[in-house]
Every structure is written in structure tokens, then in C-alpha cells.
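The values are calculated or read from the model by the stated rules, or taken from the named source; none is laboratory data. Here the structure is a predicted model, which is why all the values come from computation and not from measurement. Virtual Cβ from ideal backbone geometry, glycine too; neighbours counted across all protein chains shown.
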Amino acid sequence: MALVQSKSIPLGSTMPTFTLKDTSGTDIRLDDVQGKAGTLIVFTCNHCPYALALWPRFITLANQIEQSGITTLFINPNINPNYPDDSPDEMKKKVVEWQIPGHYLIDETQSVAQDYAAECTPDIYLIDAERKLLYHGRVDDNWKDPAAVTSHDLKTAINLYLAGNDIPTQQIPSMGCSIKWVNAQ
């Protein structure tokens, strides 16, 4: 497992729309489910220790921001035969076990991860209702120990945005396991 950081993407970039299947096989279009205030998109998976440590924080945050008009989409780009823990069947189990809100989507061709220049799990994108990138950084400053967090970077960015304030342009990249590309890029 290689530790990598998210790539720098210019804030304000228009992020692509997409259609992916959820764990029940239903097509989910970003344009149909994005929140009136925006969408939090998280590329994540079931096996990476970084992603596993952060899932509870993502789930809590997704439940909190839903009432504010921000939809959360979790996307698994690791649909790779060498990583059976990330299979659609295992994703379906995690939706129930972890009570994942929003949608947990299957990026079977890894095309959405490529379109978003995603590099790691987790790789985090907060976009507004026009799909402009507002935040592309880390969740907080301590992925291992939630009790030791002193800087809630993602939550702060969301709160600033919802209050109508500017989000700092200085954003610390997310880090995690590399995406398990089926065909190395």
C-alpha cells in the first residue's frame, strides 16, 4: 500500500458530472442528486487503513450537512479483482453495517476517479451547486486519533461556505492509500 497525497486542482474549477451505479444497481446522476447548496464527493474504499479510520467521521459529517443542502456521494474507485474487500458486494454490506448516508457509488471503470484526478483514498471534493471546486484537502489533522484532532479542516470549510464566507485557499492535501488502478496510468 503506497501512501500518496491528493493532487493540486485549481479551486473554482468546474468538476465533471457523472453517472455511476449505487450498491443496489441504480444509476445515480450527479446532476439529479446534488444538493441545493452543493455536494461533498469522497473517493474512498473498504480496505485502506486511512479510509477505514475516517469513515466514521465522514458518516457523521454527511448526516450533519444533509440538512444544510449538501449531498454526500462516496465513490469507490478500487473495483479491482486484486482487492476483493472493495467489491460491489462488500460495498453493499458496508452500507448496511456502517449506515452510510447519501450514496456509495461504484466507479467500475475508474473513469470518474480519472476525470477528478483522484489519487488516494480518501480524496475529498466539496463543490457548489454549479460544480465549482470549493475545497480539495484533508478531513482534519489527525487521521489516526479523532480525540487528538485540533484542526477540523473539511468541517471548517463547509461551515465557512454555508455561512457565506470565503474558504481559505491554502488547503492541506488529503493523504491515503493510492487508488488501485486496474491499468496503471
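Restricting attention to segment 56-82, the residues that are out of contact with any helix residue (DSSP H, G or I) (no Cβ under 7 Å at 6 or more places or on another chain), in a loop (DSSP other than H, G, I, E, B) and within 25 Å of Glu130 (Cβ to Cβ) add up to 2. Selection within segment 10-19: residues that are under 15 Å from the mean Cα position of the chain (by Cα) and surrounded by 14 or more Cβ atoms within 10 Å (Cβ to Cβ). The member of this set that is farthest from Leu162 (Cα to Cα) is Phe18. Which strands (runs of 3 or more DSSP E) sit wholly inside segment 83-169 and have at least 2 residues that are out of contact with any Asp or Glu (no Cβ under 7 Å at 6 or more places or on another chain), under 25 Å from Thr17 (Cβ atoms) and not acidic (Asp, Glu)? It comes to 123-127, 133-135. A count restricted to segment 101-156 and to residues that are among the β-branched types (Val, Ile, Thr) and under 18 Å from Pro49 (Cβ atoms) stands at 4. Listed by first and then second residue, the pairs linking a residue in segment 89-106 that is surrounded by fewer than 19 Cβ atoms within 10 Å (Cβ to Cβ) to a residue that is modelled with pLDDT of 95 or more and among the hydroxyl-bearing types (Ser, Thr, Tyr), with Cβ atoms under 7 Å apart and 6 or more places separating them unless they lie on different chains, are Lys92/Thr23; Val95/Thr23; Val95/Tyr104. If you filter segment 167-185 down to residues that are modelled with pLDDT under 95 and under 15 Å from Gly12 (Cα atoms), you find that the one that is surrounded by the fewest Cβ atoms within 10 Å (Cβ to Cβ) is Gln170. Restricting Gln34, Gln5, Gln99 to residues that are of a type outside the set (Ser, Thr, Tyr), touching a strand residue (DSSP E or B) at 6+ places or on another chain (Cβ under 6 Å) and under 21 Å from Pro146 (Cβ atoms) narrows the list to Gln5. Return the residue satisfying two criteria in turn: it lies in segment 20-38 and is part of a helix (DSSP H, G or I) and surrounded by 11 or more Cβ atoms within 10 Å (Cβ to Cβ), and of such residues it is farthest from the chain's Cα centre (by Cα). Here the answer is Val33. Taking Thr72 as the residue in question, decide whether it is within 17 Å of Tyr161 (Cα to Cα), among the polar types (S, T, N, Q), at pLDDT 95 or above and under 15 Å from the mean Cα position of the chain (by Cα). The answer is yes for Thr72.
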